[in-house]
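First up is the structure itself, then whatever we jot down about it.
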Amino acid sequence: MKKIAIIGAGISGLFVANLFKENPNYQVTIYEKNNSIGLDEGYGIQLSTNSIKLLNRIGFNTLENKDKFNPEKIDFYELKQQKKICDLNISEFNSENCKYTTLKRSKLIEFLKDRLDNNLIKYDYDIKKIEKNNDQISLTFNENNKVICDLLIISDGVFSKGKSLISNNGIKPVFNNSIAIRGNISRNNLNNLNEKNISLFMGHNFHYVIYPVNNDNEAYNFIGVLKYELIAKELDNYSLFKEEVFIKGVKDKLQNKISSTILDNLNNIKCFPVFISKGFFKPGNNIFLVGDAFYAFPPSFAQGASQSIESGSELYDCITNYKNDFYDNRILKVKMINNRSKLNQFAFHLSNPIVVFFRNISLKILTKNKKFLANYLGRIYKN
Ligand SMILES: Cc1cc2nc3c(=O)[nH]c(=O)nc-3n(C[C@H](O)[C@H](O)[C@H](O)COP(=O)(O)OP(=O)(O)OC[C@H]3O[C@@H](n4cnc5c(N)ncnc54)[C@H](O)[C@@H]3O)c2cc1C
């Protein structure tokens, strides 16, 4: 039986552990630096059909309907005039058991965690050292806790310590010159929106998205991405983004961008700088990177979690079938998504009225063009 160590109990680590725990040839353990997995956060997440199909393999279709939502369309709006431009029928990519889904991130994490035995996750394990000894890998955590494993899966997120350790700090994520603003808003404060859809508002150097996270019709998820310059000193001070003064400064900047009915009624606002990956790192034979630790995208294609799941599934198939093409396929997909994410962010943030005029016409045409959609979305949503 091969021993697998997974570093990090986020979406990718939990998902890949769910796959391996069913296979008697492997014994899997997750090492998580925090002392628990936070399940109280009410922010949302979007999952496209590619990841829903994989999640269904471990029983996601049994999650109660009240805890998730299946949006029909994405409605595109121009922020300035609050005018709808067009819509894209996202449900065209759905099948009977596999539908584009929005839900609370905490619900997804809870689902992934609850299927694992309690002793499979070791908490308070912060990775400090990774050493290769022939075919085995020796891991050292805080308090000098040592573990030996045959296979190592690093899934500790965008600032991956595991990746830094094996690449000698060679590849670091870079600041994407933007901050993400998360919040919740109640249905009563949303006017003229189609509540069955995802609403995407585009403005000068800023876009935001609102969508329901379950069938209760209570709190909706708000996620905005604002172009923002920060100097190195500010980026190093992560607690800055939690400070009330910083959040108030961001709200002031948004005052002439979002209607006051929305801005004044946003709850639980949290800001954080968006970091993205710049290159690929492919470790040797028995060490693998998945999720954001392998590659973190700009959030404007909403694929981070779906790709975390997809990379976990591809890795499982590679390891159990003794194949070694994991990175070849992954890099191709990552490049496709990265290009689309960047293009989306560029198009969503345009400001020149003439360019915006042509963007809107293009959007109206492209969102109804089946061939374009099959290529732009279909190739990503298929696996
Ligand atoms: C604003 C924003 C909105 C997004 N919205 C969407 C969306 O709608 N749809 C979508 O698909 N994706 C979305 N994403 C992306 C998605 O959230 C991430 O891609 C996904 O959570 C990555 O999962 P992960 O498991 O790789 O990493 P993480 O979720 O970051 O998990 C990493 C885990 O590793 C642990 N860890 C860290 N360091 C160590 C260490 N030294 N030792 C041990 N453990 C450690 C952490 O505590 C954590 O539990 C969004 C991202 C952003 C920034």
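Computed from the coordinates by the stated procedures, all read-outs in this text should not be read as laboratory data. No experiment lies behind these values; they were computed from the predicted model shown. Every residue, glycine as well, gets a Cβ built from its backbone with ideal geometry; the counts of neighbours run over all protein chains shown.
Things to note:
- Note on segment 257-383: dipole from Cβ charges, positive end direction compared against Asn267, Phe288, Phe358; the farthest Cα belongs to Phe358.
- Our analysis of segment 1-54 gives Rg over Rh at 1.03, with the two radii drawn from alpha carbon positions and Rh computed by the Kirkwood formula.
- Residue-averaged 222 nm ellipticity for the chain, from DSSP H runs of 4+ at -39500 (n - 2.57), nearest 500: -8500 deg cm²/dmol
- With the charge dipole of segment 37-96 set up from +1 on Lys and Arg Cβ and -1 on Asp and Glu Cβ about the Cα centre, the Cα lying farthest toward the positive end among the listed residues Leu39, Asn61, Phe76 is that of Phe76.
- Normalised by 2.2 N^0.38 Å, where N is the number of residues, the alpha-carbon radius of gyration of segment 127-251 equals 1.52.
- Springs join every pair of Cα atoms under 10 Å in this Gaussian network model of the chain, and among Ser239, Ser106, Ser91 the largest mean-square fluctuation is at Ser239.
- Evaluated on segment 285-379, the Kirkwood hydrodynamic radius is 15.3 Å, with distances taken between all distinct Cα atoms.
- To the nearest ten degrees, helix 304-320 and the longest principal axis of the Cα atoms of the chain are 30 degrees apart.
- Where only C-alpha atoms are counted, convex hull volume of segment 149-189 per residue in Å³: 114
- Across every direction, the projection of the convex hull enclosing the Cα atoms of segment 56-123 has a mean area of 7.2 nm².
- Dipole magnitude for segment 16-138: computed about the Cα centre from +1 point charges on Lys and Arg Cβ and -1 point charges on Asp and Glu Cβ, it is near 200 debye.
- Potential extension, Lys66-Asp114 segment - 0.36 nm per residue separation minus Cα distance: 15.5 nm
- Here segment 1-149 is treated as an ellipsoid with the same Cα gyration tensor; its semi-axes, largest first and in whole Å, are 37, 18, 14.
- Paramagnetic label zone (point 7 Å from Cα along Cα-to-C-beta, Lys83; backbone N under 20 Å) in segment 183-217: 191-194, 199-208
- Stretchable slack from Phe246 to Asn375, in nm (0.36 nm times residue separation minus alpha-carbon distance): 42.4 nm
- Across all C-alpha atoms in the chain, the radius of gyration and Dmax reach 21.0, 63 Å.
- Taking only the C-alpha atoms of segment 17-103, Rg followed by Dmax gives 17.8, 59 Å.
- Using Cβ point charges alone (K and R +1, D and E -1), the dipole size of the chain about the Cα centre works out to roughly 1120 debye.
- Per-peptide average of other Cβ atoms within 10 Å, ordering 196-202, 330-336 highest first: 196-202, 330-336
- Comparing segment 253-305 with the 2.2 N^0.38 Å rule of thumb, its C-alpha radius of gyration ratio is 1.76 (two decimals).
- Using R0 = 45 Å, the C-beta based FRET efficiency linking Asn145 and Asn329 works out to 0.85.
- Take each peptide in 244-255, 64-75, count the other Cβ atoms within 10 Å of every residue, and average; sorted highest first, the result is 64-75, 244-255.
- Residues within the reach of a label modelled at Asp264 (point 7 angstrom out along Cα to beta-carbon, backbone nitrogen below 20 Å), restricted to segment 175-216, are 183-193.
- With the convex hull drawn around the C-alpha atoms of segment 205-287, the volume per residue stands at 176 Å³.
- Within the same chain, lysines fewer than 8 places from Lys68 are excluded, and of the rest, those with a Cα less than 22 Å from its Cα are Lys53, Lys99, Lys104, Lys107, Lys113, Lys196, Lys382.
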